[in-house]
1. Please work out the C-alpha center-to-center distance from segment 9-53 to segment 90-150 and express it in whole Å.
2. Determine ³J(HN,Hα), in whole Hz, for all residues of segment 172-177 in sequence, where each value follows from phi through the Karplus function 6.51 cos²θ - 1.76 cosθ + 1.60 and θ = phi - 60°; x replaces Gly and Pro.
3. Report the paramagnetic label zone for Thr153: residues of segment 161-188 whose backbone N is under 18 Å from a point 7 Å from Cα along the Cα-to-Cβ axis.
4. Roll a 1.4 Å probe over the protein heavy atoms and report the accessible area of Ser188 in Å², nearest 10.
5. Please compute, over every Cα-Cα pair in the chain, the percentage with a separation greater than 30 angstrom.
6. On the accessible surface of segment 18-75, probed at 1.4 Å, how many percent belong to carbon and sulfur atoms?
7. What residues have an amide H closer than 5 Å to that of Leu84, excluding those fewer than 5 places away on the same chain, when H is modeled at 1.01 Å from N in the peptide plane?
8. With +1 on the Cβ of every Lys and Arg and -1 on the Cβ of every Asp and Glu, and nothing else charged, how large is the dipole of segment 105-188 about its Cα centre, in debye rounded to the nearest 20?
Amino acid sequence: MKKIILFASGSGTNVENIITFFKNKATDVDFLVLVNNPEAKVIEKARKTAVPVVIFDRNMLNDGSVEKVLLDFNPDLIVLAGFLWKFPARLVTIFKDKIINIHPALLPKYGGKGMYGQFVHQAVLDNKETETGITIHYVNENYDEGHVIFQATTSVADCTSVGQIAKAVQNLEYKHFPEVIESLLKKS
């Protein structure tokens with residue numbers, strides 16, 4: 001059995017999509033969701049799929065509590081799916097090449113601290129980009145600078161709003177993120 005830990009901070013649409021993808025394939029995957037926002041919608045979505053949830057705060061991330069949860073679960077892969085905090089360097093070292101993130105742009109464009117979600121899409125719109133996309137990458141000690149695993153592009157030439165760009169990017173996320181995770185699990 002493969003084990004995946006999903007980290008999230010918000011609505012959890014990618015978390016829900018990933019869990020559903022593997023459950024629909026009847027793939028033997030054990031999930032655990034870690035959430036840093038006790039009000040996040042991802043909590044309800046995970047519980048609806050019978051996936052356990054651990055809610056933590058910044059102190060727990062830094063005092064070894066989250067590290068203990070990770071070590072006890074012994075994941076094959078740690079997936080940051082809308083997780084907004086910088087991942088601690090100690091955990092990056094312990095779980096080298098086992099932590100991945102999805103970014104809603106074609107890195108290295110529009111990456112770095114504070115560049116997530118609507119902020120990225122607004123920058124794409126403001127700069128009149130004709131295409132954008134997603135980047136799935138390994139996590140290192142810097143925001144959005146880890147080795148790129150996969151990128152996919154979409155045209156946004158006809159998009160006139162942040163919402164339209166977000167929808168185009170979400171379509172790529174929903175299609176490709178679970179597939180890339182599955183591919184990485186097969187290699188582990």
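1. 21
2. 3J(HN,Hα) across segment 172-177, in whole Hz: 5, 4, 5, 6, 8, 4.
3. Answer for segment 161-188: 165-166, 168-173, 176.
4. Roughly 70 Å² of Ser188 is accessible to a 1.4 Å probe.
5. Working: 2702 of 17578 pairs.
The answer is 15 percent, as a whole percent.
6. Percent of accessible area from carbon and sulfur atoms in segment 18-75: 48.
7. Placed amide hydrogens put Ser9 under 5 Å from Leu84.
8. Numbers: 7 positive and 10 negative charges, 23 e Å.
That gives a dipole near 120 debye.
The values are calculated or read from the model by the stated rules, or taken from the named source; none is laboratory data. Nothing here was measured: the structure is a model prediction, and the numbers come from that model. Methodologically, a virtual Cβ is constructed for each residue, glycine included, from the backbone with ideal geometry; neighbour enumeration extends over all protein chains shown. The protein model used for the area step is the full one, side chains on, heavy atoms only, and it has no ligands, DNA or RNA in it. Shrake-Rupley method; radii C 1.70, N 1.55, O 1.52, S 1.80 Å.
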